[in-house]
Structure formats: C-alpha cells, structure tokens
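Structure, as structure tokens:
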Amino acid sequence: MSQPQEQNSRLYQADGKPRSVGVIGYPIAHSLSPSFQNVAFEYHKLPHRYEKWEVAPADLPNFLEQVRNEGFLGLNLTLPHKQAALSYLDILSDEAAGTGAANTLFFHEGQLAGHNTDIAGFMEALKAENYDPLRQRTMVIGAGGAARAVVYALASAGANEIAIVNRTFEKAADLGEEMALRFPTCNIYGAHLDPAAWPFNRNPRTLVVNATSQAITAPDEVFPIKAVALSGRNREQRTIFFDLFYGKTPFLAMAEAAEAQTLDGLTMLVYQGAHSFELWTGLPAPRELMLEAARTALSAK
Ligand code: NDP
C-alpha cells in the first residue's frame, strides 16, 4: 500500500527503516504498554515494534539524546521519568506544562515535544462510564504525579469542587493551592485525613479517584473510607470509585462490597496509549482491540 510522502517520513527513516518507538521506565518489566501498542501497529499493517527499555534516572539525558539523534517516532515515559524529562524538551503542550509531567514525547517540526495524554485517557475512561465531571463535587486520594493529572483533568472539565486527600497533608495542600490558582472557578483544596474532617458524608461526591501507588493494600487503614461511607446517600448518588491501578484492587473491592460503581485504571491506560499512538502516527487507534490485548496481558500476569 503506497503512503503519502509526509506520512512516510513521519513513520520511516530516510533508509526506509521504521522509526523506533516504545516506553522507558525504571523499573519497566511490568509495563503492559507493548501488549496493546503493538496490536495498534499490526492493525494498521505497520512494521514498527513498540519496545520497552529500562532506563535508570541517571541515564535519562543520554537516552533522550539518542531519541533526538535517531529521530524516534515517539516515546512514552513512566515512573520515574515523567517529571524529570521536562527540562530536556524543546516544547511542552499545555497539559504537560500544567501538570509538570510528560508521558508522551514526539517530534513537532523537528523539535522534541512533551505532552501528557494521561489527562485525555482519564477523561475518555470517565466518558465510557457516562460520567461528566461538569459542576460535580469530586475527591482525589493522592498528591503525586497521577493525582496532578487527575486534578488538572477534572478542573479543566468544569468540576465544581476537588478535595485532595493525601497521607502527607502538606503535599495535598500544596497541590490544591497550585491548581486553585490555575483554575480559579473550581474549589480545589487539600483535605485532612482525620475522619472528623472527612467531607465525604456531609458533602457527597459523585467521583472518588484513588491516585495513590499500588503499595496500598489496605486503603481503609490509610484513608478513612469505610464501607459505611460508601453506602446510603452516596450509593443513591451513584458515586463512582475509580482506582488508577489495574484489576480488582483492594480499594475497588472495598467499594464493590458497598455496592458502589467501580472503575479500574486499565481503560485509562489503554486510552492514554491510544492518544499517544494517534499523535505519533496520525492514524486512528483501534481502541477495542487494544483493550482486549491489555486485558489478556493483565490476566496472564
Ligand atoms: P507518585 O509516587 O507520584 O505518588 C504516590 C502517591 O501515593 C503519593 O500521594 C503518596 O503519598 C501515596 N502513597 C504511596 N504509598 C502510600 C502508602 N503506603 N499509604 C498512603 N499513601 C501512599 O505515583 P504516581 O502518582 O505517578 O502514580 C500513582 C498510581 O497511579 C500508580 O499506581 C500508577 O500505576 C497509577 N497510574 C495509572 C495510570 C493509568 O493510566 N491507569 C497513569 C498514571 C499512573 P505521600 O505524598 O504521602 O508519599
């Protein structure tokens, strides 16, 4: 199949070899991204292989130099590189600048650009559940990189209120202050973990997002989200409990036990990857096939 010249030079080097594409992290072995990205390349009959490379923090500058020199098709970044990479890039999208993190690199008119597709991935996952944050009261647990993307996404989408709860309160308060300045029409603030100060029962949320790391195996011991808080008024309001981690996490198991609506992070992961794929190739990502591949890869773990 012949392709337009522009499409060709975007996807292939001058000698006709496919440009490199993949994900870096430290560690990286756990990454599901190759499983669903390669399905997208195969679907479009492209010869590219989406790879995963383990890159230690000290090696990041050298790796990004290689990305420039070899003219990669694109790169995904995961922990711990999303923030650190910013200072090596030429241009940033509003989303990357606004969250201080890039998960997707690509070339724009010869410049190495950073974008954050976690935001679009998160929003698309919510949309698939028919949830619109517009004028809603929401809660985000965690104040790390993923929480930043979620707060940015919810505020951009017109949420009325975002309470940020975190083990280290100061980080929640700092993130709340920073985002409140950026989004003055949204009430964004750090909330305390003290159950007496827990706003959940008094002011029901329609969405509660767990954006803490997978280390948390007993969320109700860390955060006072008891099953009782998930029932009654909140159940009637169809609160969605969204864990950014994949599979049936302890957080979601607890929410399910209270018969709340739940959503895990796999769709967000696939959708952020779909947005990256579209940015790199200019081709539509086959989302259903990618989701299926991700589910298969996850169940094989
Ligand atoms: P960070 O390391 O930046 O932040 C970790 C957060 O978890 C902090 O708020 C930290 O609190 C909290 N935390 C860690 N351990 C504990 C604990 N034992 N008890 C209470 N709180 C704890 O990580 P990220 O924000 O980058 O990632 C968070 C999660 O989101 C990961 O599981 C990641 O896989 C997932 N993720 C999923 C995506 C998807 O597409 N589905 C996309 C991006 C991320 P403190 O400030 O007190 O240290």
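The values are calculated or read from the model by the stated rules, or taken from the named source; none is laboratory data. The structure presented is a predicted model; accordingly, all values stated were derived computationally and were not measured. Neighbour counts run over all protein chains shown; Cβ positions are idealised from the backbone, glycine included. For the accessible areas, the whole protein counts, side chains as well, though only heavy atoms, and no ligand, DNA or RNA atoms are used. Shrake-Rupley method; radii C 1.70, N 1.55, O 1.52, S 1.80 Å.
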J(HN,Hα) series, region 59-72, from Karplus relation 6.51 cos²θ - 1.76 cosθ + 1.60, nearest Hz, glycine and proline x: 8, 4, x, 5, 5, 5, 5, 5, 4, 5, 5, 8, x, 4
Most fluctuating residue of GLY145, GLY16, GLY114 in a GNM of the chain with Cα springs under 10 Å: which is it? GLY16
Restricting the count to DSSP beta bridges whose residues both fall in the chain, what percent are antiparallel, rounded to a multiple of 5? 20 percent
Give me, ordered by chain and number, the residues 5 or more places off TYR246 or on other chains with an amide H under 5 Å from its own placed amide H. GLY265
Any idea what Rg and Dmax come out to for region 48-90 if you just take the C-alpha atoms, in Å? 10.2, 28
Translational D in µm²/s for region 76-161 (Stokes-Einstein at 20 °C, 1.002 mPa s, Kirkwood Rh from C-alpha pairs): 159 µm²/s
Which order do the peptides 115-124, 22-31 take when ranked by the mean count of other beta-carbon atoms within 10 Å per residue, highest first? 115-124, 22-31
Two-site FRET efficiency, TYR26 against GLN66, from Cβ-Cβ distance with R₀ of 22 Å, rounded to 0.05: 0.85
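Grab the beta carbon distance between LYS17 and ILE91, set R0 = 25 Å, and tell me the FRET efficiency rounded to 0.05.
Numbers: r = 26 Å, r/R0 = 1.04.
Computed FRET efficiency for LYS17 and ILE91: 0.45.
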Over the chain, what number does the Rg to Rh ratio reach, with both radii from the alpha-carbon atoms and Rh per Kirkwood? 0.99
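Please work out how much length the chain gains when fully extended from GLU256 to ARG167, using 0.36 nm per residue of separation minus the C-alpha to C-alpha distance, in nm with one decimal.
On the way: separation 89, 0.36 × 89 = 32.04 nm, distance 2.31 nm.
Value of the extension gain: 29.7 nm.
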What the Cα atoms of region 22-117 span along the principal axes, largest first and in whole Å, is 34, 31, 26
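Quick check on packing: order 294-301, 185-192 by the mean number of other C-beta atoms within 10 Å, highest mean leading.
On the way: 294-301: 13.6, 185-192: 17.5.
Answer by packing, highest mean first, reads 185-192, 294-301.
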Dipole magnitude of the chain, debye to nearest 20 (Cβ charges: Lys/Arg +1, Asp/Glu -1, about Cα centre): 500 debye
Cβ-Cβ FRET estimate between LEU79 and ALA218, R0 fixed at 22 Å, reported to 0.05: 0.50
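At a 10 angstrom cut-off on C-beta neighbours, averaged per residue, how do the peptides 74-81, 148-155, 125-132, 54-61 rank from highest to lowest?
Numbers: 74-81: 21.9, 148-155: 26.8, 125-132: 16.1, 54-61: 13.5.
Output ranking for 74-81, 148-155, 125-132, 54-61: 148-155, 74-81, 125-132, 54-61.
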Name the long-range amide H neighbours of THR262: under 5 Å, sequence gap of 5 or more, or other chain; modelled H, no Pro or chain starts. PHE241
Averaged per residue, what accessible area in Å² does the chain show with a 1.4 Å probe, protein chains only? 46 Å²
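With a 1.4 Å probe and all protein chains left in place, how much of the accessible area of the chain comes from carbon and sulfur atoms, in whole percent?
On the way: 7030 of 13940 Å².
About 50 percent, which is the carbon plus sulfur part of the accessible surface.
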